[in-house]
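Encoded as structure tokens, the structure appears first; notes follow it.
The values are calculated or read from the model by the stated rules, or taken from the named source; none is laboratory data. Since this is a predicted model, take the numbers as computed values, not measurements. Here Cβ is always computed from backbone atoms with ideal geometry, including for glycine, and neighbour counts include all displayed protein chains. Surface areas here come from the heavy atoms of the whole protein model, side chains and all, with no ligands, DNA or RNA. Shrake-Rupley method; radii C 1.70, N 1.55, O 1.52, S 1.80 Å.
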Amino acid sequence: MTFHSLPLFVKLAGRSVILLGEGEAAEAKRRLLERAGAVIGDEGADARIAIVALDEETSALEAVARLKARGILVNAVDRPDLCDFTLPAIVDRDPVLVAIGTGGVSAGLAAALRQRLETLLPAGLGGLARSLFDARGAIRQLYPQATDRRRALGEAMSTGGKLDLLAKDASVSSWLAGSGESVDALVEIRLISADPDDLTLRQARLLGQADRLYHRADMPTAILDRARADAVRVACPAAPLDPGIGLSIDLGFA
């Protein structure tokens, strides 16, 4: 599985962005840029990215060509084939931002997903993020190893955990008071099919937390991609008896 594009969060505060066009589409982009603190300019501005929201086809194509000739990355509204980047639908729980993109295929689908997530993610999610940031020192003291920190945080923020992301009363201080154990583990996961949609919640959570995957050679990429990008992947008939530090997964089919 490959990405159609690489999602990035770009800091635009105080930076110039070109915006061409008028009407509802252009105003919607203007509001997004203003919320990000961008300095909005015309085509002559010294900028690295631009948004073209021109309705007239010839004018839009000519503007895109001129901007790209200057080495500027362009988003052409309603013209996905001309876009160097796309603007996602956004769920804002400052400082948490959830961005949803479809590569320009369906803005309606992205909007529908955003609306669904708006109802799921509590307003206090941003406060949880700030609390975790403030507690970085304490968390590192309890879990000196990065693998232990990842596992402890993953378990705490899983469904029903002490920092359940959908809970309204998650307390970082209470979680820290009862934490501190470091446990290395090898967990066996046996799948019922090659369809990632058939993963149980527990299996999906463990794959997302694992430091290394010992998997069969016929394991589909769609399943392996559910693990962290930096997790070590080893194709082998069976996991070793001593897999090493952290959480290891022995992944195969039932």
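The charge dipole of segment 1-97, taken about the Cα centre with unit charges on the Cβ atoms of Lys, Arg (+1) and Asp, Glu (-1), comes to about 560 debye, rounded to the nearest 20.
Annotation: LEU201 carries an accessible surface of approximately 140 Å², with a 1.4 Å probe and no ligand, DNA or RNA atoms counted.
The spacing between segment 50-86 and segment 138-177, judged by their C-alpha centroids, is 44 Å.
Rounded to whole Å and sorted largest first, what semi-axes of the equivalent ellipsoid does the C-alpha gyration tensor of segment 53-92 yield via the square root of 5 times each eigenvalue?
Working: eigenvalues 80, 33, 10 Å².
With the √(5λ) rule applied to segment 53-92, the semi-axes are 20, 13, 7 Å.
Taking Cα pairs under 8 Å and at least six residues apart, what relative contact order does the chain come out at, in percent? Let's see the in-between values first.
On the way: 367 pairs, mean separation 30.9, N = 254.
The normalised contact order for the chain reaches 12 percent.
Rounded to 0.05, the FRET efficiency of the LEU61 and ASP134 pair, given R0 = 45 Å and the Cβ-Cβ distance, is 0.35.
Both the radius of gyration and Dmax for segment 1-145 are 18.1, 61 Å, in that order, over alpha-carbon atoms.
Roll a 1.4 angstrom probe over the protein heavy atoms and tell me the percent of accessible area of segment 90-137 that is carbon or sulfur. Spell out each step's value before the answer.
Details: 1710 of 2860 Å².
Looking at segment 90-137 in its full context, I get 60 percent from C and S.
Taking 0.36 nm per residue of sequence separation and removing the Cα-Cα distance, the ALA13/LEU32 pair yields an extension gain of 5.7 nm.
Rounded to two decimal places and with Rh computed the Kirkwood way over Cα pairs, what is Rg over Rh for segment 81-150? Display every interim value, and only then the final one.
Working: Rg = 16.8 Å, Rh = 14.5 Å.
We get a ratio of 1.15 for segment 81-150.
Here LYS68 is the anchor, and the lysines within straight C-alpha reach of less than 24 Å, apart from those fewer than 8 places off in the same chain, are LYS11, LYS29.
Kirkwood hydrodynamic radius of the chain, from the reciprocal of the average inverse Cα-Cα distance over all distinct pairs: 21.5 Å. Which log10 I(q)/I(0) values, to two decimals, does segment 127-254 give at q = 0.22 Å⁻¹ under the Debye formula with one point per Cα? Reported log10 I(q)/I(0), two decimals: -1.25.
Rolling a 1.4 Å probe over the protein heavy atoms gives the chain an accessible area of 60 Å² per residue. Here the 3J(HN,Hα) profile of segment 242-254, calculated from phi with Karplus coefficients 6.51, -1.76 and 1.60 at θ = phi - 60°, is 10, x, x, 6, x, 9, 10, 10, 9, 9, x, 9, 5 Hz, Gly and Pro shown as x.
Using every Cα-Cα pair within segment 83-197, state what percent have a distance larger than 20 Å. Roughly 58 percent, once rounded to a whole number.
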